[in-house]
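> The following block contains the structure, expressed as structure tokens.
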Amino acid sequence: MKTLIFIETILLLVMTSCGSDNTSTDGFITVDVTKSSYSPKKELVLQDFMDVEYIPLETNDEFVNQGYVNAIGEKYIIVTNYREDGDIFVYDRNGKAIRKINRKGQGGEEYISCLKIILDEENEELFINDFLARKIKVYDLEGNFKRSFKQKQEGDTQFYGEIFNYDKNNLICYDECNADIPFLLISKKDGSITREIITPFKEKKLFIQLLRYEGGTRAAGPGPYSRITPFKGNWILLEPSSDTIYTLMPDCSLRPFIAKTPPVHTLDPEFYLILKLVSDRYYFMESIKNVYDFRKEEGFPKTYFVYDTQEKDFFSYIIYNGDYSYKKELYMVMFTPINTKGELWATIDAFELCRDYEKGKLKGKLKDIAAKLGED
């Protein structure tokens, strides 16, 4: 597994989990989602359980962006801005700028919105999740339109909030509004459903709080989290309504990975379990209480903890980047899964990096990269 940490729009940090190539899914653990604290606290160094690689991303007059990574492949890195301006930046795997694409518009071959971009290097295609149009638009790597298809069947209200490249012919998707079968494999050719993946649950629960008032409705959620986590050839599926987090195996069978207790349908308010990062040794998790105060605009209290597969126990934790000479903390909110290898990415501020370099606070590979940034 790899994790990508951006130094703003300048650097990409790739982190790969150390250990064997096979995902261990023998047996599973049980988590009490209502537990509010764990002790003792483990101090972890990122490089002790992840392999870290820094990749400088080229900047020029056209390639100045906010560094939101959508996809990482063997040959390409796909980046957009956080604001939806339609710009898509294509880099090679070494960080060299290749081209900028923008097909935003109202035409049939254009996208209205760009919620997510899925890279299919095998077929040399980009799949744009046009969330507002409820369509997926497909382009080649030059930005030429190839085809589009609806995200829903006639009469349905489904749309895909999360999409990954599954195999040569299919995408794997999560549909928040599907009350029965939220995980689906769909055809890359026409969007038809090729397999329904059933993760059992008693009743559908939406991880959200609503405030209805005269004239409208306000909604609040705990922030983005992954329902689909790729991990070394398999897929970890997290449906908030289910009392079990499953591993989707290559033959599409489901194997229990983490059991949650008490049952979610017995809780009021609900507690939900989120997976933030999975490595060979550690499973980093958050338990979130589904409450929100609209007057104070605060809520969804979280408990952060890690499961150590070697010690077979839970701990609170703090993570440091070992390429700093002082204890530079990393936060799980930084990490986002990005592709089928389980690579993740996060962001480091370029100004702070250069400042730490000038003060002699960097070491190792990060120091070498920062030295070259200073020259530019």
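> Go through 213, 160 for me and flag whichever is open to solvent by less than 10 Å² (accessible area, probe 1.4 Å) and farther than 19 Å from residue 253 by Cα.
Details: 213 fails: open to solvent by less than 10 Å² (accessible area, probe 1.4 Å).
After ruling out the rest, the residue left standing is 160.
> All but one of (1) in a loop (DSSP other than H, G, I, E, B); (2) more than 18 Å from residue 340 (Cα to Cα) hold for residue 167; state the number of the condition that does not hold.
Residue 167 satisfies every listed condition except (2).
> Say we look at region 171-206 and pick out the residues that are of a type in the set (S, T, N, Q) and either more than 19 Å from residue 131 (Cα to Cα) or in contact with a Cys (Cβ under 9 Å, 6 or more places away or on another chain) (or both); which of these is least open to solvent (accessible area, probe 1.4 Å)?
Of everything passing the filter in region 171-206, 199 is least open to solvent (accessible area, probe 1.4 Å).
> Residues of region 61-82 being in contact with a strand residue (DSSP E or B) (Cβ under 6 Å, 6 or more places away or on another chain) and surrounded by fewer than 17 Cβ atoms within 10 Å (Cβ to Cβ), which ones?
Hits for region 61-82 are 62, 82.
> Also: Taking the criterion of being under 25 Å from residue 37 (Cβ atoms) and either open to solvent by less than 40 Å² (accessible area, probe 1.4 Å) or in contact with a strand residue (DSSP E or B) (Cβ under 7 Å, 6 or more places away or on another chain) (or both), would at least one residue in region 336-355 satisfy it? Outline the logic, then answer.
Narrowing region 336-355 to residues under 25 Å from residue 37 (Cβ atoms): none.
Checked against the condition, which is being under 25 Å from residue 37 (Cβ atoms) and either open to solvent by less than 40 Å² (accessible area, probe 1.4 Å) or in contact with a strand residue (DSSP E or B) (Cβ under 7 Å, 6 or more places away or on another chain) (or both), region 336-355 yields no hits at all.
For every residue, the table says whether it meets (1) within 24 Å of the chain's Cα centre (by Cα); (2) crowded, with 16+ Cβ neighbours inside 10 Å; (3) among the aliphatic types (A, V, I, L, M).
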{"residue": "88", "(1), (2), (3)": "yes, yes, yes"}
{"residue": "92", "(1), (2), (3)": "yes, no, no"}
{"residue": "102", "(1), (2), (3)": "yes, no, no"}
{"residue": "106", "(1), (2), (3)": "no, no, no"}
{"residue": "109", "(1), (2), (3)": "no, no, no"}
{"residue": "135", "(1), (2), (3)": "yes, yes, no"}
{"residue": "142", "(1), (2), (3)": "no, no, no"}
{"residue": "147", "(1), (2), (3)": "no, no, no"}
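> Find the residue count for region 256-296, including only residues that are free of Cβ contacts under 8 Å to residues at least 24 places away in the same chain and open to solvent by 50 Å² or more (accessible area, probe 1.4 Å).
Number of matching residues: 5.
> Keeping to region 297-310, report how many residues are in a loop (DSSP other than H, G, I, E, B), open to solvent by 20 Å² or more (accessible area, probe 1.4 Å) and at positive phi.
1
> Residue by residue through region 311-332, note down the ones that are under 25 Å from residue 30 (Cβ atoms) and either of a type in the set (A, V, I, L, M, F, W, C) or buried (at least 18 other Cβ atoms within 10 Å of the Cβ) (or both).
314, 315, 317, 318, 319, 332
> Turning to a different aspect of this structure: Regarding region 163-170, can at least one residue be identified that is of a type outside the set (S, T, N, Q) and farther than 17 Å from residue 72 by Cα?
No.
The values are calculated or read from the model by the stated rules, or taken from the named source; none is laboratory data. As the structure is a prediction and not an experimental result, all values here were calculated from the model. Ideal geometry is used to build each Cβ from the backbone, glycine not excepted, and the neighbour counts take in all protein chains shown. Just so you know, the surface numbers come from the protein's heavy atoms only, side chains and all, with ligands and any DNA or RNA stripped out. Shrake-Rupley method; radii C 1.70, N 1.55, O 1.52, S 1.80 Å.
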